[in-house]
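Heads up: the structure comes next, in structure tokens.
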Amino acid sequence: MNQNPPATARVASKRLFRPVALTTIALLCALATPILRAPVFALATNPAGPNPVTLGEKIFADVSLSASGAMACATCHDPQRAHAQSNDLPVQLGGANLDVPGFRAVPSLQYISLMPAFFFADDGTPIGGFNRDGRAKDLLVQALRPLFAAHEMANATPADLVARPASAPYAGEFRQVFGQNIFDDEQGTVLAVTFALAQYQKLDPDFRPFDSKYDYFLAGKLRLEPAELRGLALFNRADKGGCAACHPNARGPDNSPPMFTDFTYDNLGVPRNTDIPANADPGYDDMGLCGPERTDLADRKDLCGAFKVPSLRNVATRKVFFHNGQFKTLRDALRFYVRRDTNPEQFYPIAADGMAEKFNDLPPALHGNVNTEEVPYDRLPGEALRLTEAELADLETFLNTLTDGYQIAPAAKR
């Protein structure tokens, strides 16, 4: 599987919380170093018995691992929704009483194992990494934070977490896979939990089915309908949708299926979502790569406001769009792309002078980071839209072919 996007990407400056409790951050930092230094379990997978993958599936669905006793990984990453959220809330509620709001919309975990680790390309473009800001270096670290974050599963200490699988129905399987004395080792148990989750996401075929209608089309097993083909053409045309520039849709050099993301980051100037409780504080700004949740790039002001380009696989199944869940339908998200600069009043609040307050989710000094150069967001008021409503309908029809689980009808087969 080709996981490395080409280094020739866009300029970093254009492509590119309220924080959890300080005690939680300290805990995570304290845990991360020894866990990353610990050896990764190298156990033979036994399809007939317990193994890290089957155990990871149970952990993923286990609500008892949370302080509330009502939240599991699958609560926010529903397997029936391409491992994304099943509601249209901009952020989810977690914590011990399920009353602590999060800060970002839930991303899909489908195909997450194919994400490259975060790095800067030779031209300075940030690429890869886990989470919307790429702060987690691998699946183990990605799985660690939700277990302890105050707005998610909210385990207060490693001991709190260790006690939960030790009394779970699968505790015996846990010991069988990781050793009879595993629960006597707090650090080892935390690592075992994250390792099992990582292996489940990496090896279970449900996370990487590659069985959408478009996959079958690429394999020559069916023909796309006329509207789908028109949408595909608009997706590819550099003077229309321009989508393929960020979401490549061709097979890789090794014939691997397309991921529909180049793994880079972009700043789209998405409107501030007033339904996110943290945004009630005018001093709070979620600026992606440069913080506040990611801290190592806090001084890179040129990266502020940039979030990872998501895969478009299963995009038609999503309930909210963009990092802050500002839009709730795919058509509205597409309209934002093509009308953001021609009709900003449709998306941003109107100031006292009657002008739209564009890019209102970033401090004014950082508005220059927003991508205003690439198609289709390269327009000015009064200029023709890159895509008409009819063309948006065709584009949306094509994007529906990226939904996994497509069943080929006999008449559609070649």
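The values are calculated or read from the model by the stated rules, or taken from the named source; none is laboratory data. Predicted, not measured: the structure shown is a model, and the values here were computed from it. Don't worry about glycine lacking a Cβ; one is built from the backbone with ideal geometry, like all the others, and counts go over all protein chains shown. In case anyone asks, the SASA skips ligands and DNA or RNA and just uses the protein heavy atoms, side chains included. Shrake-Rupley method; radii C 1.70, N 1.55, O 1.52, S 1.80 Å.
Under 15 Å of direct C-alpha separation, and excluding same-chain neighbours fewer than eight residues apart, Lys58 reaches these aspartates and glutamates: Asp78, Glu173, Asp204, Asp206. In the complete set of protein chains, residue-level accessible area for Glu391 is approximately 40 Å², probe 1.4 angstrom. What the Cα convex hull of the range 273-361 gives, in volume per residue, is 129 Å³. Only protein heavy atoms count here; under a 1.4 Å probe, Arg132 has an accessible surface of about 40 Å². Helix content alone sets the calculated 222 nm mean residue ellipticity of the chain: runs of n ≥ 4 DSSP H residues at -39500 (n - 2.57) each, divided across all residues, give -8000 deg cm²/dmol.
Can you give me the orientation-averaged projected area of the convex hull built on the Cα atoms of the range 36-191, in nm²? Before the final figure, lay out the partial values.
Numbers: hull surface 42.5 nm².
With the hull built on Cα positions only, its mean projection is 10.6 nm².
For a test of the definition: using alpha carbon positions, the gyration tensor, and the 1.5 limit on a/c, classify the range 112-212 as rounded, prolate or oblate.
Prolate shape, in that a/c is at least 1.5 and a/b is the bigger ratio.
Listed cross-link partners Lys301/Lys358; Lys308/Lys328; Lys137/Lys308 are compared with a 22 Å cut-off, the Cα-Cα value being larger for no pair.
A probe of 1.4 angstrom, applied to the heavy atoms of all protein chains, finds Val162 with accessible area near 10 square angstrom.
With bins 10 Å wide beginning at 0, the percent of Cα pairs of the range 188-335 falling in each bin runs 9, 28, 33, 24, 7, 0.
If packing is taken as the average count of other Cβ atoms within 10 Å, what order do 58-65, 223-230, 327-334 fall into, highest mean first? It would help to have the intermediate numbers written out before the result.
Working: 58-65: 18.6, 223-230: 15.6, 327-334: 17.1.
Output ranking for 58-65, 223-230, 327-334: 58-65, 327-334, 223-230.
Each Cα pair under 8 Å and six or more residues apart adds its sequence gap; the mean of these over the residue count of the range 229-344 is a relative contact order of 20 percent.
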